[in-house]
1. Out of Glu167, Glu226, Glu205, Glu248, which single residue is surrounded by 17 or more Cβ atoms within 10 Å (Cβ to Cβ), over 16 Å from Pro89 (Cα atoms) and either not aromatic (Phe, Trp, Tyr) or not assigned by TED's automatic domain parsing to the domain that holds Phe113 (or both)?
2. Kindly provide the set of residues from the stretch 251-268 that are polar (S, T, N, Q) and buried (at least 19 other Cβ atoms within 10 Å of the Cβ), ordered by number.
3. For Lys80, are the conditions met, namely being under 21 Å from the mean Cα position of the chain (by Cα) and over 24 Å from Gly28 (Cα atoms)?
4. I need a count of the residues in the stretch 277-288 that are assigned to a helix (DSSP H, G or I) and exposed (fewer than 15 other Cβ atoms within 10 Å of the Cβ).
5. Among the residues of the stretch 201-234, which ones are basic (Lys, Arg) and at pLDDT below 95?
6. Would you confirm whether any residue within the stretch 156-163 is assigned by TED's automatic domain parsing to the domain that holds Glu32, assigned to a strand (DSSP E or B), touching a Phe, Trp or Tyr at 6+ places or on another chain (Cβ under 8 Å) and within 16 Å of ligand 1 (Cβ to nearest atom)?
7. Report yes if Ala114 is of a type in the set (Gly, Ala, Ser) and away from ligand 2 (no atom under 16 Å from the Cβ), otherwise no.
8. Considering only the stretch 299-306, I want to know if a residue exists there that is under 25 Å from Asn209 (Cβ atoms), surrounded by fewer than 17 Cβ atoms within 10 Å (Cβ to Cβ) and not aliphatic (A, V, I, L, M).
Amino acid sequence: MSGEALRSVDLRKIYQSRGTPPVEALTGVSMEVHRGERVALLGRNGAGKTTFLKIASTLLRPTSGSVEVFGFDIARSPEKARPYIAVVPQEGKPFFHLTPREQIYTYLRARGFARETAKARTEESLERMGLNEFADRLSVTLSGGQRQRTMVATVIATEAPLLFLDEPTIGMDPFARREVWSSLRSLTQKGSTILLTTHYLDEAEVLSNRLYIVERGAVLSAGTAEELKASVGGTLKVLIPSGAVQVEQFRSFGTCVTDGLSLTVIVNPHTLGDVMEIVERSEMTATVGPVTLEEAFLRAVGRSINED
Ligand SMILES: Nc1ncnc2c1ncn2[C@@H]1O[C@H](COP(=O)(O)OP(=O)(O)OP(=O)(O)O)[C@@H](O)[C@H]1O
Ligand SMILES: [Mg+2]
């Protein structure tokens, strides 16, 4: 095992299907994931996140460009890269006619773990993901969130050097999400590397060491959550629900974004007083909060991650 955990260079993917126009899903993506890092791909529906993960995990061939996993070129020698990776696919389902306990154990055995290790890891992973109560029920009888927990538990149990998780916490309740976050953190402390995709800004912020904002098959912005937030140009946002018509009054204080009737002004603490004075004088109301990844996303992409 040598090299970065993952390095992609100018990765392109054009989906061609007969009778329909080609879809350019990746337009030249270059990125790196260092060993021991947790990196998130953050992007709207259709941005290209799953396509990237599928190619990087050897499930799909790129149109051009390259990906190396621990120094192995995944197009030339996928069989060399595969033992180092494990994947939670988007909308993957556990085998319906296995129980979570059987599924995790069977998967570990198939990956070559000895009986005792597989058994111990299975129990540990069931416990971690809060699955003990359901561990011996057929997966077909489990709820959506319980199935997703089973999928994540299966992959976490491998402790593979590089884990790909495509929207790992989709459909999970807040407690289960926190379990996933803490399990992923302890995996990287043990030496694993993680690349995940998410639409959840809070997940990207609390979980990843670095993130890539992806839109229309391209990386628009990259860095730590702090760096991305700093790029917004202020640390506070003032939301004025009826402020859009008065936007000109606020332009000199910082970036102004209107959305329907409302106006958001990005400011620094020392100008907050002046902004609030105008709000009051104009008999409007405002709320003040810290700048979040939402504003960083908006700045990079020009649209909110939650907008249709
Ligand atoms: N098999 C396919 N054939 C044709 N187009 C495809 C195929 N798979 C994906 N696409 C298209 O490629 C683009 C990227 O899709 P992808 O699934 O990578 O996005 P995503 O970022 O994972 O989105 P989501 O957040 O909805 O999961 C989309 O425009 C999608 O419609
Ligand atoms: Mg996807």
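1. Matching residue, one of Glu167, Glu226, Glu205, Glu248: Glu205.
2. Initial filter on the stretch 251-268 (polar (S, T, N, Q)): 252, 255, 258, 262, 264, 268.
Result: Thr264, single match.
3. Numbers: under 21 Å from the mean Cα position of the chain (by Cα): no; over 24 Å from Gly28 (Cα atoms): yes.
Criteria not met by Lys80.
4. Within the stretch 277-288, residues that are assigned to a helix (DSSP H, G or I) and exposed (fewer than 15 other Cβ atoms within 10 Å of the Cβ) number 3.
5. Of everything in the stretch 201-234, just one residue is basic (Lys, Arg) and at pLDDT below 95, namely Lys229.
6. For the stretch 156-163, residues assigned by TED's automatic domain parsing to the domain that holds Glu32, assigned to a strand (DSSP E or B), touching a Phe, Trp or Tyr at 6+ places or on another chain (Cβ under 8 Å) and within 16 Å of ligand 1 (Cβ to nearest atom): absent.
7. The answer is yes for Ala114.
8. For the stretch 299-306, residues under 25 Å from Asn209 (Cβ atoms), surrounded by fewer than 17 Cβ atoms within 10 Å (Cβ to Cβ) and not aliphatic (A, V, I, L, M): present.
The values are calculated or read from the model by the stated rules, or taken from the named source; none is laboratory data. Everything numeric here is computed off the predicted structure, so don't read it as measured data. Because the Cβ atoms are built from the backbone with ideal geometry, glycine has one as well, and the counts that use them run over all protein chains shown.
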